[in-house]
Amino acid sequence: MSGGRRTVELTDPRALRALAHPTRLELMGLLRRGGPLTATQAGEQMGESAACCSFHLRQLAKYGLVEEAGGGRGRERPWRATAISTEWATRGSDEETDAAGGLLSRLVIERYMQNAIAWLERRGSEDPKWVEAAMINDSVIHMTTEELCELDKKIRSLLEPYLQRLESGEPPAAGARPVNVIALAFPSAKKTDRA
């Protein structure tokens, strides 16, 4: 499935800005879920032209996010993601990197929310088992920074078997579908008396 790495870590502000594009994020998702794909195949799935997808794939390749999978020519060359996930610092090491990382984070969160709203709008036509299995949870809890870091490690640990399956290229189980698992944890704006 991937070019052999679990995670690509972005620290270059140019790479962060390059990924902060709706078409490129969608291409990354397609390649991670079902790649390798040619620009033509990706375009058909996304409703974009092969030329558009080819351009964006080349931009992603500049920063090591995708690579040619071998075989084919021109727009019929298959591409694959180089890793199954991308990470970047919450705060950049300088102002430019911080701004680029903030832009990418905002776009990613907006896409998560758009996908969640689209789920709510189509759930009436979905299999009732999937509707019941889907979850929306919200908790406000008091934590230290150390506890929040520990919670992140625990969540990542729970996801690990599913990520290993994806990384190995193992075919999905019968009836499996891609599922968005989104974890957001951030401090509230207002301090409480307990803080």
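Among the conditions (1) closer than 24 Å to F186 by Cα; (2) open to solvent by less than 100 Å² (accessible area, probe 1.4 Å); (3) touching a residue at least 40 places away in the same chain (Cβ under 8 Å), V140 misses just one, which is (2).
Let's see how each residue does on (1) in contact with a strand residue (DSSP E or B) (Cβ under 9 Å, 6 or more places away or on another chain); (2) more than 30 Å from A134 (Cβ to Cβ); (3) not acidic (D, E):
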site: T23; (1), (2), (3): no, no, yes
site: E26; (1), (2), (3): no, no, no
site: L37; (1), (2), (3): yes, no, yes
site: S49; (1), (2), (3): no, yes, yes
site: A61; (1), (2), (3): yes, yes, yes
site: G72; (1), (2), (3): no, yes, yes
site: R77; (1), (2), (3): yes, yes, yes
site: A83; (1), (2), (3): yes, no, yes
site: E96; (1), (2), (3): no, yes, no
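The residue pairs whose first member lies in segment 87-104 and is touching a residue at least 40 places away in the same chain (Cβ under 8 Å), whose second member is acidic (D, E), and whose beta carbons are closer than 6 Å, counting only pairs six or more residues apart or on different chains, are E87/E9; G92/D98. Take segment 151-167 and flag every residue that is out of contact with any helix residue (DSSP H, G or I) (no Cβ under 8 Å at 6 or more places or on another chain) and in contact (Cβ under 8 Å) with a residue 24 or more places away in the chain. Passing the criteria: L151, D152, I155, L163, E167. The residue list L107, L103 contains one member that is farther than 29 Å from T40 by Cβ and surrounded by 14 or more Cβ atoms within 10 Å (Cβ to Cβ), which is L103. With respect to the stated conditions, R75 fails to be open to solvent by 70 Å² or more (accessible area, probe 1.4 Å), on the phi < 0 side of the Ramachandran plot and at pLDDT 90 or above.
Each row is one residue, and each column tells you yes or no for (1) at pLDDT 90 or above; (2) more than 17 Å from T90 (Cβ to Cβ).
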residue	(1), (2)
S139	no, yes
C149	yes, no
K153	yes, no
Y162	no, yes
L166	no, yes
G175	yes, yes
I182	no, no
F186	no, no
A189	no, no
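Scanning segment 52-72 for residues that are at negative phi, among the small types (G, A, S) and either touching an Asp or Glu at 6+ places or on another chain (Cβ under 9 Å) or open to solvent by 50 Å² or more (accessible area, probe 1.4 Å) (or both) turns up just one, A61.
The values are calculated or read from the model by the stated rules, or taken from the named source; none is laboratory data. As the structure is a computational prediction, the values presented were derived from the model and not from experiment. As a convention, Cβ positions derive from the backbone with ideal geometry for all residues, glycine included, and neighbour counts pool all protein chains shown. Accessible surface areas use protein heavy atoms only, side chains included; no ligands, DNA or RNA. Shrake-Rupley method; radii C 1.70, N 1.55, O 1.52, S 1.80 Å.
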